[in-house]
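Since every read-out is calculated from the coordinates, none of them should be taken as a lab result. Computed from a predicted structure; not experimentally measured. In this analysis, Cβ positions are derived from the backbone assuming ideal geometry, glycine residues included, and neighbour counts consider all displayed protein chains.
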């Protein structure tokens, strides 16, 4: 079990509304990612779900029960913190045992559970070490181990990978995804990294300024962002935005084209510009093309692109891959994805 | 950043400390204030009648007050000056690569553990005594007349004793602070052609400002109420030459049993301390932030 | 700098440091030495460093003259007692200020610190009278109360600075793991903050051990700690250098040894948490 229902939840610190009235239903077993720029309220909302932060108004239901004013320990949730928050004075074993001891679990059962968790997380050889003697990745696994032994109804992750270096991050991403597949427990995962969001999530909630801009599967957000913010936040490199002067009868204020949908063409294209910086990544090439009156457009080309600085190119894109935004930055569905 | 529950809990857990300190501060202070308006002497039983500001008038116009006021300032200022300058020099020296630094540190730290009564007595008798003291022996050996420290320079002698007690404190705080100075900064300055003096003035001293503030604050708190050193060396004399305000009030209230006068003096001391405190708090507020 | 040059300067600095350190330490060293001399040797105009007849007579005389162990025990009770009681009161307060901060926290801390600025003479008369009326004069309990109160602000302040270094997330993790507030403090906060707590405790024991205003004024025969024991050697007994030295050595030795053994914690604590 692990469904979480947020109804008209708000949070304010004094006069500042950090979370504006917000509804969200998280299904049992779902992996949902809260993503957004820093200060958008995603971490605050996670801490409110955890019970570490008061809810100013609205209700939080966990498994159909009103948990708005429950203390953290009674909510049956487990949290993995950004800094891992391991107890530095305890061995790995004691760290993992801590929540079980607090719950007065039989010592024999504790030993079994620790052994099982250590096996899953490859920590068996490290159980008697202190956190200070472990690498970043191992500490992360201890933090996860401490969370899973409690068999919580949901896991909360607060930017758990941001302290790891790039290659470890990819590994841990896979491990967490696998863990989710094998445990099938609800996971709420906060990150500012849209790649993490795209690769791990069943559903993504994009936060901005204390509201959720859009909730959907990764591909929904990628293909049909409801506004410029979501369109720009999801996808790497970022979507290109081109301001256009609105014509009579056409509400389009700006266009959005993803770098991977822009094509260099020999025929007359939609835009014409000169190649600036060329970034070769081996498998692909990013071209930064300066288009007069439009600005710099980023193009994702194939790996063996031979264009050079200063070349003049024509650019085009399939019509159904160009998004149209109105004056408020909302996507105009009728023009964007027929 | 917390929940209502934890905020309530925090208030409950603050309560004992706040209540006790409030009681410790307010109750006796109000009593002192009240006594200071009475004609109240423990030796003269009577109805302790209300005399208004008479006690204050006596206390403030007493030449002893003026003298002990300046003595207090000299005592605090003198000790601060000596401990800070010597402390900075000592900290820089101990920061160098030297053999057996830990042993030197143990030796330097030692005076901090010596109780005021002991250090005052040892210095007074074994070092500063004009006949048998070590300094007198030294002077004789050099063929000069020994100094009678407590007769000729009572206040300075006390300043020296107290400085000896507080030097370890200043030196070790400043040493800790110096050790946290970024070595790359010094190397960069060296590359830029900075000599030892400009390095000290532009890098070390600003880096130490926080530690210096801490030393001033903490020492002042303790130095304002120096008592035992005076009691066991000069008893404030000769005359009032080495009496500070703390000692003056002690003699008034517990030696002459003049509760009213002593209380008025106490209130004056509190006011003086408050003026110093406001000044110091500004200083820390600026330097101890973050 | 070439190697020889730096070796040479290291030697100079080392010599200088040892000489200055030796000078600072000398009065204590001299006191210890004198305590083993005869009275005649102690006032000798050409004192010898080690070539004298070592004697323990002074210690025997001092022990015969006054009940040293009673004073010692009073010092222990007063300094350890007040530090432990203070810790019990200060830990919750420091927890509140470090982990549940609000706009008033800073002011509250400053106010607590400012009570340290209150000169003891400001409250001397009423405290003396209150102690007399409550029968606390010359009792261990009375001094434990006073020492606890005068050192409480320092304890709260020091513990606060140590607690502040502990990430809030670790305590929140404990809360998520189902720890009650007591378990959070005892199983997580205190073990992590142990070095800081040790230095707080040590410094306060030393401050209380050496406190010489209230201990001199509020005690007489029964509860007088070592500060008062030694004050009785102010003239004319102070002129018996060897006995004065023996008494002094006995008064400072316990805390000197404690301080040296815990040097690392103490140096950290010395700065009252103001310098990292």
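In peptide C:147-159, what is the residue-averaged number of other protein chain Cβ atoms found within 10 Å of each Cβ?
So the per-residue partner count for this stretch is 2.
Could you tell me the calculated FRET efficiency between residue A:265 and residue A:16, based on Cβ-Cβ distance and R0 = 51 angstrom, to the nearest 0.05?
With R0 = 51 Å, the Cβ-Cβ based efficiency is 0.55.
Taking only Cα atoms and a 10 Å spring cutoff, compute GNM fluctuations for chain A and point out the largest among A:233, A:13, A:241.
In the Gaussian network model the winner is A:13.
By per-residue mean of other Cβ atoms within 10 Å, what is the highest-first order of B:115-123, A:248-256, B:264-272, A:55-63? Write out the running numbers ahead of the final one.
Values: B:115-123: 27.8, A:248-256: 15.0, B:264-272: 24.0, A:55-63: 17.2.
Highest-to-lowest ranking by the protection proxy: B:115-123, B:264-272, A:55-63, A:248-256.
Going by average Cβ density within 10 Å per residue, which order do the peptides A:153-162, C:60-69 take, highest to lowest?
With the highest mean Cβ count within 10 Å placed first, the list reads A:153-162, C:60-69.
To the nearest 0.05, how large is the calculated FRET efficiency for residue C:84 and residue A:128 if R₀ is 30 Å and r is the Cβ-Cβ distance? Provide the component values of the computation, followed by the final result.
Numbers: r = 33 Å, r/R0 = 1.11.
Result of the calculation: an efficiency of 0.35.
Grab the Cα-Cα distance for residue B:19 and residue B:188, subtract it from 0.36 nm times how many residues apart they are, and report the gain in nm with one decimal.
Separation in residues times 0.36 nm, less the Cα-Cα distance, equals 55.6 nm.
Looking only at other chains, what is the average number of their beta-carbon atoms within 10 angstrom of each beta-carbon in B:165-174?
Partner Cβ neighbours, averaged per residue: 3.
Roughly how many whole Å is it from the C-alpha centroid of the stretch B:83-145 to that of the stretch C:142-183?
37 Å
Set the Förster distance to 45 Å, then compute FRET efficiency between residue B:141 and residue B:198 from the Cβ-Cβ distance, nearest 0.05.
Working from the Cβ atoms, E equals 0.55.
Mind ordering C:92-98, B:54-60 by average Cβ neighbours within 10 Å, highest first?
Put in order of decreasing packing, that is C:92-98, B:54-60.
From Cα pairs below 8 angstrom and at least 6 apart in sequence, can you work out the relative contact order of the stretch C:3-59, rounded to a whole percent?
The normalised contact order for the stretch C:3-59 reaches 31 percent.
With label points built 7 Å along Cα→Cβ from the Cα atoms of residue A:308 and residue A:165, find their separation and express it in nm.
The modelled label-to-label distance comes out at 3.6 nm.
Roughly what would the spin-label model give for residue A:320 and residue C:55, points 7 Å off Cα along C-beta, in nm?
11.3 nm
Normalised by the residues of chain A, what does the relative contact order come to in percent, with Cα pairs under 8 Å and at least six apart?
After rounding, I find 16 percent.
Can you pull the mean other chain C-beta count within 10 Å for peptide A:82-94?
4
Could you give the nm distance between label points at residue A:27 and residue A:101, where each point is 7 Å from its Cα heading toward the beta carbon?
4.1 nm
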